[in-house]
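Engineer: One structure, as C-alpha cells, below. Some questions next.
The values are calculated or read from the model by the stated rules, or taken from the named source; none is laboratory data. Note that the structure is a prediction, hence the values are computed from the model and not measured. As a convention, Cβ positions derive from the backbone with ideal geometry for all residues, glycine included, and neighbour counts pool all protein chains shown. All accessible areas refer to the heavy atoms of the entire protein, side chains included, with ligands and DNA or RNA removed. Shrake-Rupley method; radii C 1.70, N 1.55, O 1.52, S 1.80 Å.
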Amino acid sequence: MSTTSTYTVTGMTCGHCAASVREEIEALPGVTSVEVTVDDGSVRVSAEREIGRDEVAAAVTEAGYALG
C-alpha cells in the first residue's frame, strides 16, 4: 500500500532549510520520497505505509521547523 500526504512547514527560507527537512523525513521508516517546496512551505511525503502526522511533526521539529 502506497500513500502520499502533503503538509505545510513554517520557517523554511532556503534550499538548506528544505534539505534539512527532507533529510529528517526521509529517515522515517517506510518513506519512499519527499518533495519540499520552499516558496509555499509545502512538503509532499510518499511512503509504503501510512505515516502519522505526529511522526512527520517530530521529524520536522528535529530539523528545527514546525508543521503549520
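Engineer: I want the local charge near VAL38. Using Cβ-Cβ distances under 14 Å, sum +1 for each Lys or Arg and -1 for each Asp or Glu among the other residues.
Structural biologist: Value of the local net charge: -1.
Engineer: Going by amide H atoms built from the backbone, whose H comes under 5 Å of the H on VAL31, apart from near neighbours?
Structural biologist: Amide H neighbours of VAL31: GLU48.
Engineer: With a 1.4 Å probe and all protein chains left in place, how much of the accessible area of the chain comes from carbon and sulfur atoms, in whole percent?
Structural biologist: 47 percent
Engineer: Against the 2.2 N^0.38 Å scaling, with N counting residues, where does the chain land? I'd like the Cα-based Rg ratio to two decimal places.
Structural biologist: In units of the globular-protein estimate, the chain measures up at 0.97.
Engineer: Let me ask something else about it. Near VAL21, within a Cβ-to-Cβ distance under 12 Å, what is the net charge of the other residues, with Lys and Arg +1 and Asp and Glu -1?
Structural biologist: Net charge in that neighbourhood comes out at -3.
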